[in-house]
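**Student:** Please see the structure below; I have some questions.
Quick note: the coordinates plus some simple rules give every number you see, no bench work behind them. Quick caveat: nothing in here was measured; it's all calculated off a predicted structure. FYI the Cβ positions are ideal-geometry reconstructions off the backbone, even for glycines, and counts take in every protein chain you see.
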Amino acid sequence: MSEELHAADRAAHTGNDEFLLTPGPLTTSLTVKQAMLRDWGSRDRQFIALNARIRERLVAIVGGERSFVCVPVQGSGTFAVEATLGTLLPRDGRLLVLVNGAYGERMMKIAKYLGRPAMALSCAEDRTPDLDSLAALLAEDRAITHVAAVHCETTSGILNPIEKIADIVVDHGRSLIIDAMSSFGAIPLHVQRVPCDAIVASSNKCLEGVPGMAYAILRQSVLEACEGNAHSLSLDLYDQWRAMEGNGQWRFTPPTHVLAAFDQALHEFEEEGDVEARHARYSANCRVLVDGMRAMGFETLLPDELQAPIIVTFRMPADPNFDFGAFYNRLAARGYVIYPGKLTVAPTFRIGCIGQLVKEDLEAALAVVRKVLDEMGVTQCAPAADAAE
């Protein structure tokens, strides 16, 4: 299929003239977009039923039906992360954050704003946390009450060993908070195998909804003890939960259209085959992307065993004709929007594998990448020797 025919075919499915090869917001289906064409009364019983359905579905995805509850909040994923930290951490609590990218660093910044004592166990962005150091810190510092970890750190695309982290945290009798923003719905995360007290994610990632709503899936017995912890009325998950349990309604104006789109996105997620099917599709996308870029000479930041099928970080070519700004603009002009790098360890850029994309879309994107490189006169896509070390 030609580039033009492929674009027309996919535009009919997504309603888009371009693909967002990003970790969210991302390309959504046309039917998800169409779900936003209706207005909803936030106190109407149909909307209350829709909201309850979403909350139940999200808890079911992690197998938490008997002991977990879902509490949604307005805003981006960071709103829910801050709400979760602020609600679960008591004023005299102490947080340990596992940091190997921008989102671990963001949790440290949130803790500072909250006025909660926090410390970081940090490593390079292309490395996973040192588990022996984690165990040693928890054994030595009894003041640590909570541990926060990012499942898939989209700074690099790395998949952190969340099951091993959870086992260590539980063995030491601490509470684990998981930022699953970029993994929820696409990488298995089951509370029976990954014991934790909180999982935080948002609507516009692997579940393929639109931005504007995030949520925390919380162990109910833990949440019940959190009254009075929160630093903020609007971000108090305990108060939000109590209100929703009472009348099914949000305390303050909900993002009704976003929730309607998310309800449709969850329906399509189930029709596709839930986490297993979405993981398979994204993994196929990732394999096509990585193999195709490597065939052109690009190098990935991460080895395959650490790479999550969400977003891939590529090292910047050393070829003097390569200019990322021009590369980005030329791809965008042809309908493919990628992501700049966010690393301190090396100059990079990123290409996402998630959203309403299939492997044929990635193959079409690779063909456009080859054309753009040829137009730019780039013949060597490998990074500088010192950048690859």
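**Student:** Roughly how large, in nm² to one decimal, is the mean projection of the convex hull of the alpha-carbon atoms in region 41-255?
**Tutor:** Projected over every direction and averaged, the Cα hull of region 41-255 covers 10.8 nm².
**Student:** Could you run the Karplus curve 6.51 cos²θ - 1.76 cosθ + 1.60 with θ = phi - 60° over region 315-323 and give me ³J(HN,Hα) per residue in whole Hz, x for Gly and Pro?
**Tutor:** Each residue of region 315-323 in turn: 6, 5, x, 7, 3, x, 7, 7, 10 Hz.
**Student:** Which order do 133, 76, 156 fall in if you start with the one that has the fewest other Cβ atoms within 10 Å?
**Tutor:** Ascending Cβ contact count within 10 Å gives the list 133, 76, 156.
**Student:** Let me ask something else about it. What whole-number distance in Å separates the alpha-carbon centres of region 52-75 and region 323-348?
**Tutor:** 36
**Student:** A further question on this structure: Among (1) 31, 30, 18; (2) 32, 22, 21; (3) 35, 27, 16, which is the computed semi-axes √(5λ) of the Cα gyration tensor in Å?
**Tutor:** For semi-axes √(5λ) of the Cα gyration tensor in Å, the calculated option is (3).
**Student:** If packing is taken as the average count of other Cβ atoms within 10 Å, what order do 19-25, 160-166, 187-193 fall into, highest mean first?
**Tutor:** Output ranking for 19-25, 160-166, 187-193: 19-25, 160-166, 187-193.
**Student:** For the chain, what relative contact order do you get, as a whole percent, if you take Cα pairs closer than 8 Å and at least 6 residues apart?
**Tutor:** About 23 percent, as a whole number.
**Student:** Where does helix 162-171 land angle-wise versus the long Cα axis of the chain, in degrees 0 to 90, nearest 10?
**Tutor:** Around 20 degrees separate the two axes.
**Student:** I want to check the label-to-label distance for residue 382 and residue 65. Put each point 7 Å from Cα in the C-beta direction and report it in nm to one decimal.
**Tutor:** Using points 7 Å along Cα→Cβ, the separation is 5.5 nm.
**Student:** Here is a further query. Do the sum for the chain: with -39,500 (n - 2.57) for every DSSP H run of n ≥ 4, divided by all residues, what is the mean residue ellipticity at 222 nm, to the nearest 500 deg cm²/dmol?
**Tutor:** Helix contribution divided over all residues of the chain: -13000 deg cm²/dmol.
**Student:** In whole Hz and in residue order, list the ³J(HN,Hα) couplings for region 271-281 that follow from phi through the Karplus curve 6.51 cos²θ - 1.76 cosθ + 1.60, θ = phi - 60°; x for Gly and Pro.
**Tutor:** 4, 5, x, 6, 4, 4, 5, 5, 4, 5, 5
**Student:** Take the alpha-carbon centre of region 243-300, take the same for region 87-127, and report the distance between them in whole Å.
**Tutor:** If we compute the Cα centre of each part, the gap is 26 Å.
**Student:** What length, rounded to one decimal in nm, is gained on full extension from residue 294 through to residue 43, with 0.36 nm per residue of separation minus their alpha-carbon distance?
**Tutor:** Stretched out fully, the residue 294 to residue 43 stretch lengthens by 85.1 nm.
**Student:** Counting other beta carbons within 10 Å of each residue's own, what order do 48, 310, 61 fall into, fewest first?
**Tutor:** 48, 61, 310
**Student:** Stretch residue 221-residue 332 to full length: gain in nm at 0.36 nm per residue minus the Cα-Cα span?
**Tutor:** 35.2 nm is the gain from fully extending residue 221 to residue 332.
**Student:** Amide H of residue 97: which non-local residues (sequence gap of 5 or more, or other chain) have their own amide H closer than 5 Å, using H built in the peptide plane?
**Tutor:** Answer set, sorted by chain and number: 119, 120, 121, 148.
**Student:** Lysines within cross-link reach of residue 342: Cα-Cα under 28 Å, excluding same-chain residues under 8 positions apart?
**Tutor:** 109, 112, 164, 205, 359, 371
**Student:** Taking 7 Å along the Cα-to-C-beta vector as the label spot, tell me the residue 252-residue 271 distance in nanometres, rounded to one decimal.
**Tutor:** Result for the modelled spin labels: 3.5 nm.
**Student:** Sticking with this one: For region 70-139, which trypsin sites (Lys or Arg not before Pro) are in a loop by DSSP, counting at most 15 other Cβ atoms within 10 Å?
**Tutor:** 91, 127
**Student:** Compute the relative contact order of region 87-128 as a whole-number percentage, counting only Cα pairs closer than 8 Å that sit 6 or more residues apart in sequence.
**Tutor:** 47
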